[in-house]
Every structure is written in structure tokens, then in C-alpha cells.
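S.K.: Provided herewith is a single structure, encoded as C-alpha cells, for subsequent inquiry.
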Amino acid sequence: MVREEKAKREAADLPAGPVYLFPTLQFPLCDVLEDEKCFLALLKTLQEEGLSKLRLATGYLNLMKPVERALDSPKIPTEVLMSSPKANSFYQAGRVKSKIPAMYRVNAIRMLNRNKARNLKLFEYTNNAWTYHAKGAWVYEDEADPYPQMSIIGSSNFSYRSNRRDQEVQLYMAPSAKAVEFKRRLHNEANGLF
């Protein structure tokens with residue numbers, strides 16, 4: 001009886017349909033730029049086809065220029081979540097480093113001012129003495145479907161440093177149409193951050 005109950009609970013946690021997983025690697029030292037190429041190709045496709053919304057979370061708002069240019073497309077309504085200066089891990093890091101959060105705020109203001117399409121919304125995470133370092137992206141393709149059709153999780157901040165100096169690993173998750181519960185959980189995760 002206990003085994004049957006456990007099996008039912010485990011089955012209820014499984015997606016009703018397949019979830020396709022695509023890992024990518026960013027290892028610039030060896031000229032492996034999979035993640036950058038994959039993410040820029042995704043943004044190009046979204047520019048061409050349009051979508052309902054892109055949600056992007058990064059601890060440090062210093063996006064690569066090709067990413068910023070793509071987000072300026074009127075076909076990519078975008079919400080970006082970043083840390084507020086006080087939620088940034090550099091906030092109390094010492095004399096020079098403590099100025100870094102202010103530079104990210106300047107980047108945010110510049111990004112908003114450059115956004116000709118007026119399709120960009122920036123949010124800052126703040127929660128008392130907590131720091132913020134969540135990263136990811138959620139792609140919503142269709143306004144009729146409230147759940148994301150793809151989610152990206154991993155170590156990249158979608159920034160120049162992440163893509164040119166650090167080693168990063170990302171996981172692109174594309175749930176099938178039947179994996180509604182999985183998509184709902186991805187959506188709830190994004191809502192919990194935003």
C-alpha cells in the first residue's frame with residue numbers, strides 16, 4: 001500500500017509529455033561558444049517570428065551588445081529582472097567594488113533610454129538584507145498560452161564577462177504541449193522571481 005501511494009505521488013510529479021533538454025557550454029579559452037551562439041540564434045528567431053514575452057533574470061545587468069540590440073526589437077517584449085544595488089553582492093564589498101552596483105544601475109538606465117521599441121521593462125530585486133543572483137530566461141511564444149514554451153537555466157549572466165571570460169553551462173528546456181504541469185511550474189518559478 002505504501003509503495004503504491006509513493007508511486008502515485010511520483011507519477012503525479014512527472015510531466016504528462018516529454019520535456020526536451022539541450023545543454024550548452026561556454027568555454028572561451030578553448031573557443032567553445034555554444035551557449036552564446038545558441039542564445040543569439042534563439043533571439044534572432046524570436047525577432048523574426050515575434051512572441052508574447054521574454055523574461056530574463058540576471059544578477060549583473062551588463063548584457064552583451066548583440067543581446068541588447070536583439071531586445072530592442074519590437075517583436076520581443078522583454079522583462080528583465082536584476083538585483084537592486086543593495087541586493088548586489090558587491091554592495092558592501094569594499095571601496096572600489098562597492099561602486100559596481102551603481103554601474104549596473106547606470107547600465108539599466110542607458111538600456112531603457114536606448115530602447116526605441118519601448119518594449120522593455122526592468123525590475124529590481126530587493127528583499128531586506130538578501131542578495132540576488134538568480135539567472136535564467138523564460139520564453140512565452142503565444143498570448144493564448146499563459147505558460148512558457150521554453151526556459152533556460154544555468155550559470156550565464158548573458159553578459160560580456162560570462163560569454164568571453166568565464167566557463168558557463170546552460171540548460172535549455174522545451175516542454176512539449178502535453179507537459180502542461182511542467183510548463184505551469186516554470187511559469188510559477190518566473191512569477192516568484194518577478
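S.K.: Pairing the Cα long axis of helix 100-114 with the longest principal axis of the chain, what angle in degrees results, from 0 to 90 and rounded to the nearest 10?
M.R.: Computed tilt is about 80 degrees.
S.K.: Assuming a viscosity of 0.890 mPa s and a temperature of 25 °C, what translational diffusion coefficient in µm² per second does Stokes-Einstein assign to segment 91-175, Rh being the Kirkwood radius over Cα pairs?
M.R.: 156 µm²/s
S.K.: By how many degrees, between 0 and 90 and to the nearest 10, does the Cα long axis of helix 2-13 differ from the longest principal axis of the chain?
M.R.: 50 degrees
S.K.: A follow-up question, please. Given Cβ point charges of +1 (Lys, Arg) and -1 (Asp, Glu) and nothing else, what value in debye, to the nearest 20, does the dipole of the chain about its Cα centre take?
M.R.: The dipole of the chain has a size of about 920 debye.
S.K.: So, with +1 on the Cβ of K and R and -1 on the Cβ of D and E, and no other charges, what is the size of the charge dipole of segment 29-118 about its Cα centre, to the nearest 20 debye?
M.R.: 640 debye
S.K.: With a 1.4 Å probe and all protein chains kept in place, how much accessible area does residue 20 have, in Å² rounded to the nearest 10?
M.R.: Answer for residue 20: close to 120 Å² accessible.
S.K.: So what is the relative contact order of the chain, in percent, for Cα pairs below 8 Å that sit 6 or more residues apart? Write out the running numbers ahead of the final one.
M.R.: Numbers: 360 pairs, mean separation 58.7, N = 194.
Computed value for the chain: 30 percent relative contact order.
S.K.: Report the one residue of 154, 100, 144 whose Cα lies farthest in the direction of the positive end of the charge dipole of segment 88-181 (charges on C-beta: Lys and Arg +1, Asp and Glu -1; origin at the Cα centre).
M.R.: After comparing all options, I get 100.
S.K.: Just to compare against my own numbers: the Cα pair-distance distribution for the chain, 10 Å bins, whole % per bin, please.
M.R.: So the P(r) values, bin by bin, are 9, 32, 35, 17, 6, 2, 0.
S.K.: Here is a further query. From the phi angles alone, apply the Karplus equation (6.51, -1.76, 1.60; θ = phi - 60°) to segment 80-96 and give each ³J(HN,Hα) in whole Hz, x where the residue is Gly or Pro.
M.R.: Working through the residues one at a time gives 10, 10, 9, 6, 6, x, 6, 8, 7, 5, 8, 3, 10, 8, x, 4, 7 Hz.
S.K.: If you don't mind, another one. Could you tell me which of rounded, prolate or oblate describes segment 125-176, using a ≥ b ≥ c as the square roots of the eigenvalues of the alpha-carbon gyration tensor, with rounded for a/c under 1.5 and, failing that, prolate when a/b is larger than b/c and oblate otherwise?
M.R.: oblate
S.K.: Which pairs in the list 65/97; 53/116; 37/116; 53/121 are over 21 Å apart, alpha-carbon to alpha-carbon?
M.R.: 65/97; 37/116
S.K.: Which residue fluctuates the most in the chain, going by a Gaussian network model with Cα springs under 10 Å, if the choices are 108, 70, 129?
M.R.: Result for the chain, Cα springs under 10 Å: 129 fluctuates most.
The values are calculated or read from the model by the stated rules, or taken from the named source; none is laboratory data. Keep in mind that what you see is a predicted model, and the values were worked out from it rather than measured. With ideal geometry, Cβ positions are generated from the backbone for all residues, glycine too; neighbour counts draw on all protein chains shown. The area values use the complete protein model at the heavy-atom level, side chains included, leaving out ligands, DNA and RNA. Shrake-Rupley method; radii C 1.70, N 1.55, O 1.52, S 1.80 Å.
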